[in-house]
1. Can you compute 3J(HN,Hα) from phi for each residue in the range 59-76, using the Karplus curve 6.51 cos²θ - 1.76 cosθ + 1.60 with θ = phi - 60°, rounded to whole Hz and x for Gly and Pro?
2. Amide H of Phe378: which non-local residues (sequence gap of 5 or more, or other chain) have their own amide H closer than 5 Å, using H built in the peptide plane?
3. Take Ala106 and Gln217, extend 7 Å from each Cα along the Cα→Cβ direction, and tell me the distance between the two endpoints in nm.
4. With only Lys, Arg, Asp and Glu charged, each at its Cβ (+1 for the first two, -1 for the last two), find how big the charge dipole of the chain is about the Cα centre; round to the nearest 20 debye.
5. Report the one residue of Leu258, Phe7, Gly189 whose Cα lies farthest in the direction of the positive end of the charge dipole of the chain (charges on C-beta: Lys and Arg +1, Asp and Glu -1; origin at the Cα centre).
6. Sequence-distant or interchain residues sharing an amide H contact under 5 Å with Phe239, placed H: which?
7. Amide H of Arg99: which non-local residues (sequence gap of 5 or more, or other chain) have their own amide H closer than 5 Å, using H built in the peptide plane?
8. For the chain, find the longest principal axis of its Cα atoms and tell me its angle to the long axis of helix 178-188, 0 to 90°, nearest 10.
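Where a number appears in this text, it was derived from the coordinates with a stated rule and is not lab data. Remember, predicted model here, so these are calculated numbers, not experimental data. With ideal geometry, Cβ positions are generated from the backbone for all residues, glycine too; neighbour counts draw on all protein chains shown.
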Amino acid sequence: MRTPGLFEDWRATQVELLESCEGLDVELDAIRNRLNIGGRISAADGIALLQHPDIHAVMKLAEACKQARFGSDVHFNVNLHVNQTNICVLACRFCAFRRGLRSEDAYALDVEGYISSILPYAEFIDEVHSVGGLHPEWDVDHYRSLFSATRERFPHISIKALTAVEIRHLANLSSLSIRDTLSRLKEAGLGSIPGGGAEILADSVREIICKGKESSQEYLDIHRTAHELDIPSNCTMLFGTVENVEDRINHLIKLRELQDETSGFQCFVPYPFLPDSSRLPEAQLASGNEILRMIAVSRLMLDNIPHIKAYRMNIGDSLTELAIRCGADDIDGTVIQESIMHLAGSNASLRHGIDDLCRLIERSGCSAVKRDTTYSRFERVASPQTNIPRTLATVR
Ligand code: SF4
């Protein structure tokens, strides 16, 4: 079955475009050949790409793979982030967002508060993205009430909510299996789940940066169960803490293997650790160069995950403009409000409407395409020749 949004003959086009990449050394030429033959490269290739001195050549290969699938199209959606609570029973060392129950600036939106947060934007958005802390009292029934009220009030809005660790937390509080938890949430209106919480899928690193969070295997199992229940999900990677290059590549391999089984991941979102207000002084941090390279290598390694997102909320607009020329085909949507990355030091603009997002995409020589949450409907946003507002046309 064809994945919506992908050009039908992209594999043949990829061979053509990769062949046209000039000036590769012997090592990159061998990787290009492996991409051409099977479309899949090894963990050793991934490590070589992360360490290769010629970042431009690596970015060129990734851009060829992206162009083969989507041409110059770059996707975005019209969404709103609502973080339902910052109260959390865990205290991950990289997290600047969580608060203790008695903290002065702790908050927890009740159902009415949550609905009120959406209301001013409801007419314009088609997705609400909600993740938050692990509230000590909110179980599955609380989230069922939240989602069913949202669905009833705003039937056109798709609910993308709850990371794997939140799902595990609800399951534990409710004495339910992960499968039963997800089934009940889906029944109440949950449409898809975001990829947050993957951090690095290496338990030795998780022990240092997020002790008490779900294990690597639990993260993969929760997403597998969601896929089995026809709940699509995204996957992420937080890099630039204390991991090494092998950890980063093994992370990609684990996601690729699960995707071989389920095809349930829609999008991969790699983003760097931001240090403000966190408790991880030993973090190596990631340079702009490394961020772009990680996006490029993700495109080259993850041949079976169609979309690679440049997480604008984390890396900012300037790097996003470069990222969509080295493998990323997707950027954050309108978002409107965001706390998790901004408390950690992001200064990405929250004032982007459709026009701003289109301009950002067009500045990089790409074409803006509005998508829905599940990447199943795509509308090209026509460039305005005059002052006439932009128009949408269904493209795929
Ligand atoms: S990352 Fe999530 S689970 Fe960890 S402390 Fe922050 S809110 Fe809690």
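1. Each residue of the range 59-76 in turn: 5, 5, 4, 5, 5, 4, 5, 5, 4, 4, 7, 10, x, 8, 5, 10, 9, 8 Hz.
2. Val395, Arg396
3. 3.3
4. Its charge dipole is roughly 380 debye.
5. Ranked along the dipole, the leading option is Gly189.
6. Here the answer is Tyr271, Phe273, since their amide H atoms fall under 5 Å of that of Phe239.
7. Correct list: Ile87, Cys88.
8. So the helix axis and the longest Cα principal axis differ by about 80 degrees.
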